[in-house]
């Protein structure tokens, strides 16, 4: 399990916190994936499509031996198990799991772009990522500077402190 992968998780339908925890539990059950760390849970305003409920967002660090495409397939399977519907771009969802970073890999295929193409524009991704990422700079971009430039930075509030130890007891 030699690849370090950061994920972003979000939910704004139903029991949002339960969807996040359920997604983490299912991710832990993927062969060749180990959960290493998780951020707190943040409540955030919707971005893109504004006519919807607020989101709960968090990030997770996993280690895996899966290649990016196989991991993407597994993460989409988790989304499907949690009844993710793709009806409106950036619209309401039970769960959304995005692969933010996969080691220092840059990848641009029709199925997957790494690093995530909009992560440096979104405080709802960067604030929880900063909590668990040991790097101050990612792909030459200083995380704190990127957060200052995000239009959604004022719409993000800590919802619940949670740690990997808390999660393992849930």
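Quick notes
- A single member of 141, 132, 113 is surrounded by fewer than 18 Cβ atoms within 10 Å (Cβ to Cβ) and in contact with a strand residue (DSSP E or B) (Cβ under 7 Å, 6 or more places away or on another chain), and it is 113.
- Whenever a residue of the stretch 18-39 is on the phi < 0 side of the Ramachandran plot and free of Cβ contacts under 8 Å to residues at least 12 places away in the same chain, its partners that are part of a strand (DSSP E or B) and loosely packed, with under 14 Cβ neighbours inside 10 Å, lying with C-beta atoms within less than 8 angstrom and at least six residues away or across chains, give the pairs 28/34.
- Within the stretch 119-137, tally of residues that are modelled with pLDDT of 90 or more and not in a helix (DSSP H, G or I): 2
- Some residue of the stretch 79-90 being touching a strand residue (DSSP E or B) at 6+ places or on another chain (Cβ under 8 Å) and over 17 Å from residue 56 (Cα atoms): no
- All told, residue 8 meets the bar of being crowded, with 22+ Cβ neighbours inside 10 Å and in contact (Cβ under 8 Å) with a residue 12 or more places away in the chain.
- Hey, residue 97 at pLDDT below 95, under 27 Å from residue 13 (Cβ atoms) and under 16 Å from the mean Cα position of the chain (by Cα) or not: no
- Filter pass, residue 78 being surrounded by 14 or more Cβ atoms within 10 Å (Cβ to Cβ), assigned to a strand (DSSP E or B), within 15 Å of the chain's Cα centre (by Cα) and at pLDDT 95 or above: no
- Complete set of residues in the stretch 138-170 that are modelled with pLDDT of 90 or more, out of contact with any helix residue (DSSP H, G or I) (no Cβ under 9 Å at 6 or more places or on another chain) and within 17 Å of residue 100 (Cα to Cα): 142
- When 96, 103 are checked against the criterion of being over 22 Å from residue 19 (Cα atoms) and touching a strand residue (DSSP E or B) at 6+ places or on another chain (Cβ under 6 Å), a single residue qualifies: 103.
- Residue 63 meets all of the listed conditions (1) surrounded by 18 or more Cβ atoms within 10 Å (Cβ to Cβ); (2) in a strand (DSSP E or B); (3) out of contact with any helix residue (DSSP H, G or I) (no Cβ under 6 Å at 6 or more places or on another chain) but one, namely (1).
The values are calculated or read from the model by the stated rules, or taken from the named source; none is laboratory data. Given the structure is predicted, the values throughout are model-derived calculations rather than measurements. Using ideal geometry, Cβ is built from the backbone for each residue, glycine included, and neighbour counts are taken over all protein chains shown.
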